[in-house]
Amino acid sequence: MAQIVLDKLSKRFGDGTVAVHDADFTIEDGEFFILVGPSGCGKSTLLNMIVGLEDITDGDLLVDGDRFNDRDPKDRNMAMVFQSYAIYPHMTVRENMAFPLKIKKVPKDEIESRVADAAKILELEELLDRKPANLSGGQRQRVAMGRAIVREPAAFLMDEPLSNLDAKLRVQTRTAIAKLQQRLGTTTVYVTHDQTEALTLGDRVAVMRRGEVQQVGTPRDLYNEPANLFVAGFIGSPAMNLLPAHMEGDELHLPMASVPVPDEMRTRLRGRTSDRLVAGIRPEHFEDAAFVSEEEGTHMASFTAQVDVIEWMGSELYAYFTVHTEESREELKEMAEDLGTVEFGSEGPQVVARLDAGSQAAEGKEVELCLDIDRIHLFDAETGENIQNPTGETGEVPAVGAAEAATPA
Amino acid sequence: MNRRRTSDKVFWAGGIVIVVVYALLPVVWILSLSLKPTDEITNGKFLPQDPSFDNFSAIWKDPQFPSALRNSLGIALIATLLAVVLATFAAYAIVRLDFPGKALIMSGALAIAMFPPVAIIGPLFNMWRSLHLFDTWFGLIIPYMTFTLPMAIWTLSAFFREIPWDLDKAARVDGATPFQAFRKVIAPLAAPGMFTSAILVFIFAWNDFLFATALTSTNRARTVPAAITFFTGSSQFDFPTGQIAAASVVVTIPIIVMVLVFQRRIVAGLTSGAVKG
């Protein structure tokens, strides 16, 4: 049990590169906390700083009020699960799990009972006398977890523990880890590059980019109120559509349509405006015009799009189309590099819309779509800051709002 | 298809037989010589007509052979132990730590390995005499260790490089001190490398003739290869060929035992299963 306070933690390497810059947040006791970001964003370095495998250049690390900066990893009472699992190949599963206890000189019978308990929780009982070479990937992963939980540590630190598992096992293990953490109630810091893992597992999530923490919040906060362009583009799958936009008088010019600025949006903008805006629209805030009732239609802007590709998922349908615009935003390209997304086609930005599964939209055909004006995010292209949040406060995930409320016309 | 496989087999089997015969013929010849009585030595026959163990009992009666064997064993074992322990620490530090001059140490070590030992024999002889290391065990252990360390460091650092660094880190997080992590996790995994270097160091020290003749003068530290040259025949005109052969056979036995014992420990793929590859 531990509360971990990161007070302006920074890490500079010998060659001058800054891996982590001013990480400043608190991980509460018993919380499942996620560090997420694209590769090279400093999330693993930050985790290693917490566990003591990397020195802290600046700032303070406080665990339950004690300064931990210079404490040896062995004295931090934290358990770590490595991406590579790092189980000891010359020891059996039992010896692997007993290793941290043996080092601590725990009495033999207690070691036995604790290993037996952990093995039971993780369903490793049958495998206790096997060597790691004879285990499958999923089993090795569980041994690594077992070695962490036998210690009853103050905190679990996990460095992408699922990334070496195949897709199906990953989802199963993800649920198992969530259950385990709830059951043990131990503070957990979990590093991942996968935003789905971050949203599904985390009580709270810190999104990192290039060594800087972009936003810390609950998964809902991050999804509904991304603080900036990067968080908006990173969280959510399919990703939020980010399109160049600008304001002209009472009209917001989007590549596909010009929409009147609603009063609410104007209030939230509080006069902040810029010629260089980026509009963020989640795929679920589009709908096939045929499924939008007249009443709902008042908050919607409609436009016609030529569909390039359809992805039919059974319960929903994703339509991809290209919008044509003269405007471009260099900032978006730079961000796409960080996110590792690739833009195909140079004609203009590609947009994805989530439509009702009954939509008649077809590849190569035109379809009339509606777009929920109230749900548009606006970002300052230069600073990336979110200058108006459609929800304004932490609210329900509006993910299914448009599709469910729609009544077929 | 089948026929080609058979011809392949014949080809490889034939090749192996030729190599084995070529390598073992001198050994068998020495064995045969050691079993021949004195009057048969020059008869040119491959097999002894009247095999006897006279040569073996003769060398054990000669006071210098048992003491030389004791010196050889002691010196080779201590040199092996020291070289392997020092090389293990050095190689681990070189692989795991980042310090200036790392490349220089590695290439320096290689340079020492290429240095011709005979070039330093003269100065070493004088130094050892003034340092009172001449004709002592340590007088031989030091050069043996020095000349085998580079090779041992290179071998072991190759092994350490194969061991995932995450294992050190995991051990440290699991509560181990750096030395505990090394002793309980890393060293057991590097064992094949340690045995490989041990065999090589032991063979070097055991077979060395140059240092052994130059740096010893009595039975105190003279090892078997040097002692053999001091064997005398039963008369002034009688060259002790049979006894030399018998001594050679006796000194080969520890090497064979050593290789057989250690080679079983050199199991490839000991680290498999540590991390997902």
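The values are calculated or read from the model by the stated rules, or taken from the named source; none is laboratory data. Fair warning: this is a prediction, and the values are worked out from it, not measured in the lab. Glycine also receives a Cβ, built like all others from the backbone with ideal geometry; neighbour counts cover every protein chain displayed.
Numbers at a glance
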read-out: Within the range A:17-109, strands (runs of 3 or more DSSP E) holding 1 or more residues that are touching a helix residue (DSSP H, G or I) at 6+ places or on another chain (Cβ under 9 Å) and within 14 Å of another protein chain (Cβ to nearest Cβ); value: A:78-81
read-out: Candidate set from the range A:123-147 (those that are surrounded by 22 or more Cβ atoms within 10 Å (Cβ to Cβ) and touching an Asp or Glu at 6+ places or on another chain (Cβ under 9 Å)); member that is farthest from the other protein chains (Cβ to nearest Cβ); value: A:R142
read-out: Conditions (1) over 24 Å from the mean Cα position of the chain (by Cα); (2) over 23 Å from A:E197 (Cα atoms); number of the one not met by A:A86; value: (2)
read-out: Filtered residue count, the range A:260-280, keeping only those that are surrounded by fewer than 23 Cβ atoms within 10 Å (Cβ to Cβ) and modelled with pLDDT of 85 or more; value: 1
read-out: Residue in the range B:69-107 that is farthest from the chain's Cα centre (by Cα), counting only those that are loosely packed, with under 12 Cβ neighbours inside 10 Å and of a type in the set (G, A, S); value: B:G101
read-out: Residue within the range A:8-26 that is closer than 17 Å to A:A155 by Cα and crowded, with 22+ Cβ neighbours inside 10 Å present; value: no
read-out: Residue selected from the range B:35-68 under the condition surrounded by 18 or more Cβ atoms within 10 Å (Cβ to Cβ) and without any contact (Cβ under 8 Å) to a residue 60 or more places away in the chain, by the criterion farthest from the chain's Cα centre (by Cα); value: B:E40
read-out: Residue within the range A:381-400 that is modelled with pLDDT under 55, within 18 Å of A:I281 (Cα to Cα) and touching a His at 6+ places or on another chain (Cβ under 8 Å) present; value: yes
